[in-house]
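**Q** One structure follows; several queries about it will come next.
The values are calculated or read from the model by the stated rules, or taken from the named source; none is laboratory data. Treat the numbers as computed from the prediction; the structure is a model and nothing was measured. Neighbour counts are summed over all protein chains in view; Cβ atoms, including those assigned to glycine, are modelled from backbone coordinates with ideal geometry. When the accessible area is computed, the model is the full protein with side chains, heavy atoms only, and any ligands, DNA or RNA have been set aside. Shrake-Rupley method; radii C 1.70, N 1.55, O 1.52, S 1.80 Å.
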Amino acid sequence: MRVALVGYSGYWGEKLARALGQLGHSVVDWIDTKNEQELEDTDADAAIIATPPDTHFAIAMRAMQIGLDVLIEKPMAMNGKHALMLAAYAQKNGIVLSVDSTFCHTASFRFLQSIGQPLLSYQSIRLAPPMPQATINAGWDLIVHDLSILIGLGAISVGSSYVGAEDGSVANASMALPSGGSAFIMASRAWPTKIREIVLHFPQCAYLWTLEGLMTTNMDIVI
């Protein structure tokens, strides 16, 4: 696949370019955030957008209008209305539109999907150091990962409501699950080290998902 990488000079640009090469794709256009008009002349098949979040909507919409499939770094947009507009345009015009929900493409996530049991409880602690390049709060930056996991596991639906609070660098959210259980998520962009601990309870099993992998309650690594 021939890809136009928009925002190549940002934090994720180099990482995305390396990943594309490893997957056998080629970056045919390197477009900086300040030169987004170059997208008009690309002969790429798809665009990857790794620009500041408040630019995602306009760039993604224009990329789709010129016929490109689009992958956007999270969050897809800065409000629900814009996200729905992007999704509706893609669906109407047969365009592939995706947001980079990193954890939903891992072996650990696929294993959890294969369990085939309702999720009874979900507790997530997602902590990370401050990032100077981050322009969004901890909710939009970190909690979105947990929402994508819960949606992928069928535990919540798109548009589900939740109760949350945030002050920019710290955020939390809680919501009811269809099983009658609940999910609680705590996120922080003010922690000195990176920590990710997710505890998932199913009727017949429970798992701990950390940076080291997915483990059982006996601390045996599953994957």
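**Q** So, residue 54, is that one under 19 Å from residue 90 (Cβ atoms), of a type in the set (Asp, Glu) and at pLDDT 80 or above or not?
**A** Working: under 19 Å from residue 90 (Cβ atoms): no; of a type in the set (Asp, Glu): yes; at pLDDT 80 or above: yes.
No, not satisfied.
**Q** Among the residues of the stretch 2-16, how many are modelled with pLDDT under 80 and surrounded by 19 or more Cβ atoms within 10 Å (Cβ to Cβ)? Reasoning before the result, please.
**A** Here is the first cut: in the stretch 2-16, the ones modelled with pLDDT under 80 are 8-16.
Adding the requirement that they be surrounded by 19 or more Cβ atoms within 10 Å (Cβ to Cβ) leaves 8, 13, 16.
Number satisfying all stated conditions: 3.
**Q** Only one of (1) in contact with a strand residue (DSSP E or B) (Cβ under 7 Å, 6 or more places away or on another chain); (2) open to solvent by less than 50 Å² (accessible area, probe 1.4 Å); (3) more than 13 Å from residue 146 (Cβ to Cβ) fails for residue 185. Which number is that?
**A** (3)
**Q** Return a yes/no flag: does the stretch 211-221 have any residue that is modelled with pLDDT of 90 or more, β-branched (Val, Ile, Thr) and not in a strand (DSSP E or B).
**A** no
**Q** Right, here's the next one. Provide a single number: the residues in the stretch 178-208 that are under 20 Å from residue 139 (Cα atoms) and either out of contact with any Phe, Trp or Tyr (no Cβ under 7 Å at 6 or more places or on another chain) or β-branched (Val, Ile, Thr) (or both).
**A** Result for the stretch 178-208: 17.
**Q** Moving to a separate point now. Where residues in the stretch 119-150 are in contact (Cβ under 8 Å) with a residue 60 or more places away in the chain and among the β-branched types (Val, Ile, Thr), which of them is most open to solvent (accessible area, probe 1.4 Å)?
**A** 135
**Q** One residue is enough: does the stretch 116-128 have a residue meeting the conditions polar (S, T, N, Q), modelled with pLDDT under 90 and either over 15 Å from residue 175 (Cβ atoms) or touching a helix residue (DSSP H, G or I) at 6+ places or on another chain (Cβ under 7 Å) (or both)? Walk me through how you get there before you give the answer.
**A** The initial filter retains those residues of the stretch 116-128 that are polar (S, T, N, Q), namely 117, 121, 123-124.
Next, from what is left, pick out any that are modelled with pLDDT under 90: none.
No: the stretch 116-128 contains no residue that is polar (S, T, N, Q), modelled with pLDDT under 90 and either over 15 Å from residue 175 (Cβ atoms) or touching a helix residue (DSSP H, G or I) at 6+ places or on another chain (Cβ under 7 Å) (or both).
**Q** Determine whether the stretch 98-108 contains at least one residue that is under 30 Å from residue 206 (Cβ atoms) and in contact (Cβ under 8 Å) with a residue 60 or more places away in the chain.
**A** First, the residues of the stretch 98-108 that are under 30 Å from residue 206 (Cβ atoms): 99-108.
With in contact (Cβ under 8 Å) with a residue 60 or more places away in the chain added as a condition, the list becomes 107-108.
Yes.
**Q** Return yes when residue 43 is modelled with pLDDT under 90, charged (D, E, K, R), touching a Leu at 6+ places or on another chain (Cβ under 8 Å) and farther than 28 Å from residue 201 by Cα and no when it is not. Write out each step before concluding.
**A** On the way: modelled with pLDDT under 90: yes; charged (D, E, K, R): yes; touching a Leu at 6+ places or on another chain (Cβ under 8 Å): no; farther than 28 Å from residue 201 by Cα: yes.
Spelling it out, it is not the case that residue 43 is modelled with pLDDT under 90, charged (D, E, K, R), touching a Leu at 6+ places or on another chain (Cβ under 8 Å) and farther than 28 Å from residue 201 by Cα.
**Q** Among (1) farther than 28 Å from residue 213 by Cα; (2) touching a residue at least 24 places away in the same chain (Cβ under 8 Å), which single condition is residue 72 missing?
**A** If we test residue 72 against (1) farther than 28 Å from residue 213 by Cα; (2) touching a residue at least 24 places away in the same chain (Cβ under 8 Å), just (1) comes out false.
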